[in-house]
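The values are calculated or read from the model by the stated rules, or taken from the named source; none is laboratory data. These numbers come from a predicted model, not from an experiment. Don't worry about glycine lacking a Cβ; one is built from the backbone with ideal geometry, like all the others, and counts go over all protein chains shown.
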Amino acid sequence: MHTESPPSDVPVLRRAAMDFLARREHSFYELSQKLLGKFPDASAELIEQVLIRLKEQNLQSDERFTEAYVRYRKSKGFAYLHIKSDLVQRKVPMAIINAYLYEDDADWPEIALGLVSKRLGDDGTLEYGSSQHRRLAKFLESRGFSQLDTRRVLALKLN
């Protein structure tokens, strides 16, 4: 991995952080990790100072990151439990996660049904307990769907 020499001043770190943010939103933690990776000799305190200043200027926002991340992951067929886990790993505060991600979101069954229909075809049906039924249940679980949503959606496809 390519690393750069240690930054002698804040503008170098700020420019690098802005470059990352220009590509996509990042959580505060993600951005600090990327800067530490790019500038391993920079002090964590200096990096934190730069990021706090970006946050104060609303150039970095965990709220904006979370909103964009939830929308993107939902569009890719992921559900509450999976997305929540990803956000927790990115050290987004729970208050922010709870403001943008809802366990009882009406989209979850629709997303799950879309995934199942794509695998079965629109007219496909399942036998309860069959290997295909179990595979689909495991697949939906791996995507972060609740057991209740999984059961309800698969019940719609039973013979």
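Structural remarks
- Verdict on residue 58 being among the polar types (S, T, N, Q) and under 30 Å from residue 154 (Cβ atoms): no
- Residue count for the stretch 129-159, restricted to those that are surrounded by fewer than 18 Cβ atoms within 10 Å (Cβ to Cβ) and at negative phi: 18
- From the options 143, 90, 152, residue that is outside the structural domain of residue 29 (by TED's automatic domain parsing), more than 30 Å from residue 28 (Cβ to Cβ) and not aromatic (Phe, Trp, Tyr): 152
- Within the stretch 1-96, helices (runs of 4 or more DSSP H) holding 3 or more residues that are hydroxyl-bearing (Ser, Thr, Tyr): 62-75
- Residue 78 surrounded by 14 or more Cβ atoms within 10 Å (Cβ to Cβ) and over 26 Å from residue 138 (Cβ atoms): no
- Meets criteria (closer than 30 Å to residue 147 by Cα, under 18 Å from the mean Cα position of the chain (by Cα) and of a type in the set (Lys, Arg)) for residue 23: no
- Residues that are among the β-branched types (Val, Ile, Thr) and more than 13 Å from the chain's Cα centre (by Cα) do occur in the stretch 101-114, at least one of them.
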